[in-house]
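> Here it is: the structure, laid out below.
Readers should treat all values here as calculations from the given coordinates under stated rules, not as data from a laboratory. Because the structure is predicted, anything quoted here is derived from the model rather than measured. Counting neighbours? That spans all protein chains shown, and the Cβs are built from the backbone with ideal geometry, glycine included.
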Amino acid sequence: MKNLIDMPIGKLERILDSEVSLFIRKKYSDGESCRCYTCGMVMGIKEATCGHWISRRHRGTRWDVRFLRPQCSICQGRGGEQERFRERLVQEFGEELISEVENSKSNMALHSRVWLAEKIEYYRKIRMGD
C-alpha cells in the first residue's frame, strides 16, 4: 500500500475506478456474462461497462457500489440511460433512499490518498479471492 499512497490522487481514482468496475461486472455475472441493468442485453464481462446512476464527477457516490451496475456500451453511449437506471434502483431500494441520495449528491466528498489506497487494496483482495 505504501506505493499507492505516493501516487497522485487522480491516478488513485483511476485505479479505484478500474477495480470497482471489475468488481461490479463480476458481482452481477454468472462468471462469464452479465446483463445490462438498463436494457437487459447479455454480454461478456469484458464487454460490459460499469454504469453509474449518478455521474462520476460526484465523488460522494462515485464508488458507492449500491448504485453501480453493469451496462452495455449502447446504454452508456446514451448517457447511461439515467431515467431507466433510476427506475430500477427505486424498485430495488425504494423512492425514499433514491431521493435522499439525489438530494445529497452535490455534497462534495474529497477522499484522501489513504482512503483511496485502502479501497483499492480492499477490491484487489476480493478479486484475488475469485
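> Can you find, among PHE67, SER21, LEU97, the residue farthest towards the positive end of the dipole of region 16-108? Put +1 on the C-beta of Lys and Arg, -1 on that of Asp and Glu.
SER21
> With a point put 7 Å past each Cα toward its Cβ, work out how far SER73 is from LYS27 in nm, to one decimal.
Distance between the two pseudo-spin positions: 2.5 nm.
> Also: Going highest first, how would you order 32-38, 6-12 by mean Cβ packing within 10 Å?
Descending mean neighbour count gives 32-38, 6-12.
> Give me the dipole magnitude in Debye, nearest 20, for the chain about the Cα centre, with unit charges on the beta carbon: positive for Lys and Arg, negative for Asp and Glu.
460 debye
> Turning to a different aspect of this structure: Per residue of the chain, what 222 nm ellipticity follows from adding -39500 (n - 2.57) for every DSSP H run with n ≥ 4, rounded to the nearest 500?
Helices in the chain give a 222 nm mean residue ellipticity of -16000 deg cm²/dmol.
> Next question, about the same structure. For LYS125, which lysines qualify as cross-link partners when the Cα separation must be under 23 Å and same-chain residues fewer than eight apart are set aside?
LYS2, LYS11, LYS26, LYS27, LYS46
> What ranking of HIS111, HIS52 emerges when the number of other C-beta atoms within 10 Å of each C-beta is taken as an exposure proxy, fewest first?
HIS111, HIS52
> Here's a follow-up. Work out from phi, with θ = phi - 60° and the Karplus expression 6.51 cos²θ - 1.76 cosθ + 1.60, the ³J(HN,Hα) of each residue of region 86-102, listed in order in whole Hz, and give x for Gly and Pro.
4, 4, 5, 5, 4, 4, 7, 10, x, 4, 4, 5, 5, 5, 4, 5, 4
> Going by how many other Cβ atoms sit within 10 Å of their own, how do LEU22, LEU16 line up, fewest first?
Starting with the residue having the fewest Cβ neighbours, the order is LEU22, LEU16.
> Given labels modelled 7 Å from the Cα in the Cβ direction, how far is it in nm from ARG84 to GLU118?
3.8 nm
> Determine, for GLU19, GLU96, the number of other Cβ atoms within 10 Å of each Cβ, and report the residues in order from fewest to most.
Ranking GLU19, GLU96 by Cβ neighbours within 10 Å, fewest first, gives GLU96, GLU19.
> Then there's this: Sort all Cα-Cα distances of region 1-113 into consecutive 10 angstrom bins from zero, then give the percent of pairs in each bin up to the one containing the longest distance.
P(r) for region 1-113, in whole percents per bin: 14, 42, 33, 11, 0.
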